[in-house]
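Asker: Structure below; questions to follow.
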Amino acid sequence: MSLLFLVGTVSCTLFLAVNGLYSASDDVIELTPTNFNKEVIQSESLWLVEFYAPWCGHCQRLTPEWKKAATALKGVVKVGAVDADKHQSLGGQYGVRGFPTIKIFGANKNKAEDYQGGRTSDAIVDAALSALRSLVKERLSGRSGGYSSGKQSRGSGGGDKKDVIELTDDSFDKNVINSDDVWMVEFYAPWCGHCKNLEPEWAAAATEVKEQTKGKVKLAAVDATVNQVLASRYGIRGFPTIKIFQKGEDPVDYDGGRTRSDIVSRALDLFSDNAPPPELLEIISEDVLKSTCDAHQLCIISVLPHILDTGASGRNSYLDVMLKMAEKYKKKMWGWLWTEAGAQPDLESSLGIGGFGYPAMAAVNARKMKFALLKGSFSEQGINEFLRELSVGRGSTAPVGGGAFPKIHSVEPWDGKDGESPAEEMLPSMLHPQSSVWSLA
């Protein structure tokens, strides 16, 4: 009698929940969050999956019919069952609100269909064969497009995902933790509609960010339905969830927009926050000019007065101004160059500088071979106004003379010292267009 009494109690509910409704001897395949993706999502088979609760009376009555259907369909259609009371996260992923819920996973595993038929083995088998017939017809017509699985499970035709790094429970720590790079990681579920909408934007942003940061900011993705160790560690409760990982800091949530431009903008902010200021290079060879300008959207070229006109302290004050501006605009990732007046006369001429008005500055777009000249003062305020106008697409531009960079002379780099004017070099110094040093001192 005590046993009959316990049937309606919580104790019996717990007992049933532990033991479930199916055993290994049945043809019904027990599915869990651990094996669901591999068995169902990555499978090319048609699946019928029951989401049940052991205490549910309707589920208990369905059990013998479900087992009979599984035996009849063995080798033709896969029949599985999920204890959704025990594995609530898996039930939640597929919107299970009542028991039993039966779903059909056909050609597109990311769009399971609800089974609305009868609860007898005959009705279940008929529905399975009907779904199988539809799947075969789709394959025959070429409309099925194959199956989604693993890292491709997020949809087809969503753009090139080559620059999105797929991470797993096994690969995450060695790639992300203690990395000197910044990581933006999307935790997704293959069935999630918002994740599918994000996918092409994430892929496009990954390529652009890789190019603009030289790989210092990386975009990655984790299938949280498969890699549940990671999902649990970082408290993933909804999809998609994007987290930012930086060395020595706790991960933070990305709460910005979901468009390519939004993602790129945040990535560049992260890059500029962590990046050192750009190098300020002297143009001592053709390679320095071309490698810098070809690698950046703009290269900022300054032509400074001859060392005999300013001395080391005067030159350093100009270089300090450039360095401050390079730091201020480092998010733009421009290249920064300088040369001495008269050292690269052909370059000066091609940029409309040519022999007077030093110091001078030009911003050059090497891809379009166009440039803009600083019209204001060579000061922090003057240069800032000039670069700010360029940043918003304003300011007048002109084509580089000759349509290409001219010949660049190889010169010795500045040694950081004041210029010297020995007697044997007096005449060349007097003839220099910018020199105001006429004595032998």
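Asker: List the extent of the Cα atoms of the chain along each of their three principal axes, largest first, rounded to whole Å.
Answerer: 120, 52, 32
Asker: Return the Rg/Rh value of region 29-138, two decimal places, where both radii are evaluated on C-alpha atoms and Rh is the Kirkwood radius.
Answerer: Result: Rg/Rh = 0.93.
Asker: Charges on Cβ only, +1 for Lys and Arg, -1 for Asp and Glu, centred on the Cα centroid of the chain; of PHE239, VAL264, ALA204, which one is farthest towards the dipole's positive end?
Answerer: It is PHE239.
Asker: Shifting gears a bit: Which one, ALA326, GLN116, TYR52, is farthest towards the positive end of the dipole of the chain when Lys and Arg carry +1 and Asp and Glu -1 on their Cβ?
Answerer: It is GLN116.
Asker: With axes computed from alpha carbons, what is the tilt in degrees of helix 380-391 against the longest principal axis of the chain, rounded to the nearest 10 within 0 to 90?
Answerer: Approximately 50 degrees, to the nearest 10.
Asker: Quick one: if the Förster radius is 56 Å, what FRET efficiency do ARG119 and GLU166 give, using the C-beta to C-beta distance and rounding to 0.05?
Answerer: Step by step, r from the Cβ atoms, then E = 0.90.
Asker: Let me ask something else. For the Cα atoms of the chain, what angle does the longest principal axis make with the long axis of helix 260-274, in degrees from 0 to 90, nearest 10?
Answerer: 60
Asker: Report the charge-dipole magnitude of the chain in Debye, nearest 20, computed about the Cα centre from +1 at each Lys and Arg Cβ and -1 at each Asp and Glu Cβ.
Answerer: 2140
Asker: Pairs to check: LYS196/LYS216; LYS328/LYS370; LYS74/LYS162; LYS214/LYS247; LYS67/LYS196. Give those whose C-alpha atoms are more than 29 Å from each other in this structure.
Answerer: The pairs that break the limit, which is 29 Å between Cα atoms, are LYS74/LYS162; LYS67/LYS196.
Asker: State, to one decimal in nm², a quarter of the convex hull surface area for the C-alpha atoms of region 279-378, i.e. the direction-averaged projected area.
Answerer: 6.0
Asker: Using a 1.4 angstrom probe on the protein heavy atoms only, could you order ARG258, ARG266 from most to least accessible area?
Answerer: I get ARG258, ARG266, largest accessible area first.
Asker: Just to be sure I understand: of the beta bridges DSSP finds with both ends in the chain, what percent are antiparallel, rounded to 5?
Answerer: Among the beta bridges of the chain, antiparallel pairing accounts for roughly 45 percent.
Asker: Which angle from 0 to 90°, rounded to the nearest 10, does the C-alpha axis of helix 10-19 make with the longest principal axis of the chain?
Answerer: In the chain, helix 10-19 runs at an angle near 70 degrees to the longest axis.
Asker: While we're looking at this one, here's another question. Just want the answer: with Cβ charges of +1 for Lys and Arg and -1 for Asp and Glu, which residue in GLN88, ALA362, LEU280 is farthest toward the dipole's positive end in the chain?
Answerer: Highest projection toward the positive end goes to GLN88.
Asker: Using only Cα atoms, what is the ratio of the radius of gyration of region 183-231 to 2.2 N^0.38 Å?
Answerer: 1.22
Asker: For region 285-351, with only Lys/Arg (+1) and Asp/Glu (-1) charged at the beta-carbon, what is the dipole magnitude about the Cα centre, in debye rounded to 20? If you can, show how the numbers build up before the last one.
Answerer: Values: 7 positive and 9 negative charges, 101 e Å.
It comes to approximately 480 debye.
Asker: Continuing with this model, one more query. Taking a ≥ b ≥ c as the square roots of the eigenvalues of the Cα gyration tensor of region 165-274, is the shape rounded (a/c under 1.5), prolate (a/b larger than b/c) or oblate?
Answerer: Note, shape of region 165-274 comes out oblate.
The values are calculated or read from the model by the stated rules, or taken from the named source; none is laboratory data. This structure is a prediction, so every number in the text was calculated from the model and none was measured. Methodologically, a virtual Cβ is constructed for each residue, glycine included, from the backbone with ideal geometry; neighbour enumeration extends over all protein chains shown. What goes into the accessible areas is simple: the full protein's heavy atoms, side chains included, and nothing from ligands, DNA or RNA. Shrake-Rupley method; radii C 1.70, N 1.55, O 1.52, S 1.80 Å.
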